Amino acid sequence: MAATASPDTKQSPPFRRTPTGAGAEPGIDPRDHDAAEHYAHFKEECVIDIIDYSSEHVEFRRLGNEEAIQVMRAPVPNDGGKQRVRWINIGGIDWGVLSAVALRYNLHSLALEDVLHEQGHNLTKADYYPAHLFLRVLCHTLEPEGAEHDENVSEFPLSPTNSHSGDLSQAEKADAGRTKHSEEARTRKGMPHRHVEGQIEVSLGRRFTGLSGFRKAARQERIMHIHALTKGDRVNVKHEPMFIFLTPDGTVISLRPTPSLDFTAPISERLRQNNSVLRESEDASLLLEGILDLVVDKILEVMDEYQDKIHNLEHNILLRSSMSTVRSLHILSGDLIMNKRTLEPIRTMIYGLRRYDEDRCAALSTNRVFFGDDTGGGAGGPTGDSKDDNGKGYLSYKTKVYLADVQDHMDFVLTSLDMFAGISENLINYGFNVCCWRRLTLATIIFLPLTLLTGYFGMNFKPFPAADNHSDLLFWEIALPVMAVLVPIFMWSDIVKLVHYLNKRMTIREIGKVPESNHCAASIRG
């Protein structure tokens, strides 16, 4: 029997959870006043494109924060039932813009939490919600040599990347910023202050929570030291997440933390072409596929750079092995392993979209309870008719066909990573063995005659005419000719390798001169 509370028993005040921290309520509801207070410090001037297109026309609009918020709050226009796709492309994260979009398109609270709470170990994934499909994709792009990494971009923990050090970690600064806004709210409500150390203004890039202990000051300092030690030996790859929402009404929302839309510029250019597949299909899921295809194409560029790097190191190892080349191979091999950790989930996600899209939507249609109505887990109420109500998925059949090509590219990327890792490991073993044994062999050959003669002249017995009647000059008169004979004999293979090395250098120079001579001859004929 359940115990009943007596009338005299004082009930404790309801426990008020904080939005972040261990044991906190999952998800972020933009309708909650506390959430607005805690995340109001996410302020940034975003770059926002709203593109409405069909097979017949396309409309581009570049908006600022306030204009975008007004568009999201405006009533939905009646287009007469015409098929239309809307792409909301957002560069930068601002709480006002994000909350307005979430309320307009009923974005789930867990998806918003993934956008705002980057803990450094979040990889690519796909989540199915009744109101939309949510994708988080970790983009890989090349950076020019010597470029500074953007500290506003979250880095996965196993990749030592450059970030500016400070007295506090990113998680500590984010927590301090949220605490500061909480204290301001307590002041407005007449509540007592809590002692807070390190109340600071928080930049948008400081979005890590302290749940995992990632980005503590000591670890951040070690990452910077590693990056400085490996500078010039690795491929500069920038990792930045992209968040994509696909709604049943034909709307695609893409969001990147960087306030720039240069990454998605090729997709916008394709939409300007009347005969493009995106325009002719009038399929929002095909636009999502185009974004994923762009992400994978950027990864292929990274793989080409790794291939060039390995070819150069292989050339140096085969031409003349050195420990500096072995060191570069070791660093590159570690990067390949870490990149495989971030690229494998992309292939898994693409396979899941092709194989289980309809199954997951069917599972959603069996239980239409939307968490936002009962537990505050969503940004709004349940949607009306959606694709998964009829047993269909978020992705069309045509989209799945094109996704097969994207999956093939990812298979090629991962097999290339395995091949590069194998080649690097073999070159490391070869270079290490050659360098170590060459030095040991050279030392042994040089000192072997000296050791033999030292043992002979060091014998302690009498009489010993060779030592009694001569000075130490006799030792060198014997040792130097013996060394002059034995060293070439034992190092004959190394001498042959030196000759081959010089021949290779001459051959490489001649190959480099041939195209120039041919070009000159062609210009003379012209």
Carbon and sulfur together cover what percent of the accessible area of the range 243-284 at a 1.4 Å probe radius?
-> 42 percent
Assuming R0 = 35 Å, what is the FRET efficiency of I511 and M323, from their Cβ-Cβ distance, to the nearest 0.05?
-> 0.80
When each of K238/K340; K238/K309; K125/K238; K43/K298; K340/K400; K125/K340 is checked by Cα-Cα distance, pairs over 22 Å = K43/K298; K340/K400
Output ordering of 334-342, 281-289, 413-421 (per-residue mean of other Cβ within 10 Å, highest first) is 281-289, 334-342, 413-421
Using a Förster distance of 56 angstrom, determine the FRET efficiency expected from the C-beta separation of K231 and H33, and round it to 0.05.
-> 0.75
Which value in nm describes the separation of the simple spin-label points at E67 and V401, placed 7 Å from the Cα toward the beta carbon?
-> 3.8 nm
With DNA, RNA and ligands ignored, accessible area of D49 (1.4 Å probe; Å², nearest 10) = 20 Å²
With all protein chains modelled, accessible area of I90 [1.4 Å, Å²] | 10 Å²
With the other protein chains left in place, how much accessible area per residue, in square angstrom, belongs to the range 266-364 at a 1.4 angstrom probe?
-> 43 Å²
Rounded to the nearest 10 Å², the accessible area of R320 using a 1.4 Å probe with every protein chain kept is 150 Å²
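The values are calculated or read from the model by the stated rules, or taken from the named source; none is laboratory data. Everything numeric in this text was worked out from a predicted model, so none of it was measured. Note: ideal-geometry Cβ built from the backbone for every residue, glycine included; neighbour counts use all protein chains shown. Note: accessible area is taken over every heavy atom of the protein model, side chains too, but ligands, DNA and RNA are not part of it. Shrake-Rupley method; radii C 1.70, N 1.55, O 1.52, S 1.80 Å.
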